[in-house]
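Structure record follows, encoded as structure tokens.
Values quoted throughout were computed directly from the atomic coordinates according to the rules given, and no laboratory measurement underlies them. Because the structure is predicted, anything quoted here is derived from the model rather than measured. Note: ideal-geometry Cβ built from the backbone for every residue, glycine included; neighbour counts use all protein chains shown.
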Amino acid sequence: DEKPGGNVATIVKEKPKAKRPSLYKVLLLNDDYTPQEFVVWLLEAVFHKGHDEALRIMLHVHNHGVGICGVYTYEVAETKVAQVLELARRNEHPLQCTMERE
Ligand code: TYC
């Protein structure tokens, strides 16, 4: 007497789970006051971008309002955001930075 959902053997998955960590985009926001050269320097210093790539990202943010600096695991992304905000604060720039799950 097999009714739906009854007496059906469960296949046990024995493969150990190796869950991939969620990834987070670190986003830079445009503003009217932070100098372009400071943003380029910060992209080189915090995100290890080469000068041309740093310039490209800065101009993208400047022209579109927001841009991706990199994609990282949660704790790395959190640390990058904190470093950006601290550098901006210390240099008295209003630069904003946030993270968003991919
Ligand atoms: N818009 C700024 C300016 O013209 C430059 C800038 C670029 C600021 C990117 C912030 O995330 C930013 N001085």
* Asked: Does residue 64 qualify as being touching a residue at least 40 places away in the same chain (Cβ under 8 Å) and within 12 Å of the ligand (Cβ to nearest atom)?
  -> no
* Asked: List pairs: first in the stretch 90-102 and closer than 17 Å to residue 23 by Cβ, second among the acidic types (Asp, Glu) and not in a strand (DSSP E or B), Cβ under 8 Å, 6+ apart or cross-chain?
  -> 99/78
* Asked: Does residue 87 fit the bill of being within 15 Å of the ligand (Cβ to nearest atom) and in contact (Cβ under 8 Å) with a residue 24 or more places away in the chain?
  -> yes
* Structure fact -> residue 16: passes all of (1) part of a helix (DSSP H, G or I); (2) more than 12 Å from the ligand (Cβ to nearest atom) but (1)
* Enumeration of residues in the stretch 38-60 that are farther than 17 Å from residue 83 by Cα and exposed (fewer than 13 other Cβ atoms within 10 Å of the Cβ) -> 50, 51, 52
